[in-house]
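Trainee: I have a structure here, written as structure tokens, and I will follow up with some questions on it.
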Amino acid sequence: SVTYISALGQIPLANASAIMQALPLAVTLGAALFLGEPVGWRRWTAIIAGFIGVLIVLRPGPEGFTPAALTVVGCVFVTATRDLCTRRIGHDVPSLYITVSTSLVTTIVGALLIQPMGGWQPMSATTFGHIAVASVLLMLGYQTIVLAMRAGDISVIAPFRYTSLIWSIAIGIFFFAEVPDHWMLVGVAVIIGSGLYTFYRETLRGRKAVAQRSLTGPLE
């Protein structure tokens with residue numbers, strides 16, 4: 001939360017969201033290395049293509065890798081670690097308990113960081129209302145991602161994060177007058193295309209597994 005929110009104050013929303021699209025690659029890599037989930041070469045190719053799409057959006061160079069951009073990169077790694085840790089929590093622990101615990105820890109740590117990060121600043125009623133709404137939406141987001149990470153295959157869930165890029169671009173255009181250039185659109189197309197292909201391959205693999213079990217079941 002600290003890394004992403006800090007970066008949002010320095011770079012456009014769409015740029016920050018584009019960097020976060022590297023998250024499925026990080027999550028899938030972690031799932032393959034630490035959780036033993038199978039990932040075929042086709043899905044690896046699609047995920048790498050998505051990472052190339054992120055690079056197209058960023059156009060690496062001295063002006064691309066700013067401190068704020070690197071802060072979002074840090075956010076990618078800690079978020080991937082969070083998702084993998086969520087995957088390891090036993091199913092006897094209620095998902096709502098995980099969500100509430102996460103929210104409480106975020107609140108406590110955030111309170112402790114107020115002074116080191118500049119001290120308390122007065123807020124208007126409008127600003128307080130924005131924070132309140134964002135907090136409720138954040139808790140709902142935690143709950144849904146916890147449910148997804150505990151019940152589904154990480155390699156299938158991760159590509160759905162690409163849809164956040166569409167929302168970020170739309171919000172940037174309509175609320176902040178941040179119009180993406182053609183390189184941004186090309187990169188977005190590559191990212192979304194790779195995500196959809198990854199989902200397609202996983203769905204196809206799942207159907208084949210179900211068919212195989214139905215054929216071998218009676219023999220067992």
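Taken together, the values in this text are just the output of simple stated rules run on the coordinates, not laboratory data. Remember, predicted model here, so these are calculated numbers, not experimental data. Glycine gets a Cβ as well: all are built from the backbone with ideal geometry, and neighbour counts include every protein chain shown.
Trainee: How high is the relative contact order of the stretch 1-154, in percent, counting Cα pairs under 8 Å that sit 6 or more residues apart?
Mentor: 33 percent
Trainee: I would also like to ask the following. Report, in debye and to the nearest 20, how large the dipole of the chain comes out about its Cα centre when Lys and Arg carry +1 and Asp and Glu carry -1 on their Cβ.
Mentor: 560 debye
Trainee: Could you put Trp41, Trp167 in order, starting from the residue whose Cβ has the fewest other Cβ atoms within 10 Å?
Mentor: Details: Trp41 7, Trp167 12.
So the ranking, lowest neighbour count to highest, is Trp41, Trp167.
Trainee: A follow-up question, please. Fewest to most neighbouring Cβ within 10 Å: what's the order for Tyr200, Tyr97, Tyr162, Tyr142?
Mentor: Fewest to most other Cβ atoms nearby, the residues stand as Tyr97, Tyr200, Tyr142, Tyr162.
Trainee: Could you give the angle, 0 to 90 degrees to the nearest 10, between helix 23-34's Cα long axis and the longest principal axis of the Cα atoms of the chain?
Mentor: 50 degrees
Trainee: With n ≥ 4 as the cut-off for DSSP H runs, can you work out [θ] at 222 nm for the chain, using -39500 (n - 2.57) per run divided by the number of residues, rounded to the nearest 500?
Mentor: -25000 deg cm²/dmol
Trainee: Now for a separate question. Once the Cα atoms of helix 41-58 and of the chain are each reduced to a long axis, what angle between those two axes, in degrees from 0 to 90 to the nearest 10, is obtained?
Mentor: Orientation of helix 41-58: about 20 degrees from the principal axis.
Trainee: Assign one of three labels to the chain, namely rounded, prolate or oblate, based on the Cα gyration tensor with a ≥ b ≥ c the square roots of its eigenvalues; rounded applies when a/c is under 1.5, prolate when it is not and a/b is larger than b/c, and oblate otherwise.
Mentor: oblate
Trainee: Counting other beta carbons within 10 Å of each Cβ, put Arg59, Arg150, Arg87 in order, fewest first.
Mentor: Arg59, Arg150, Arg87
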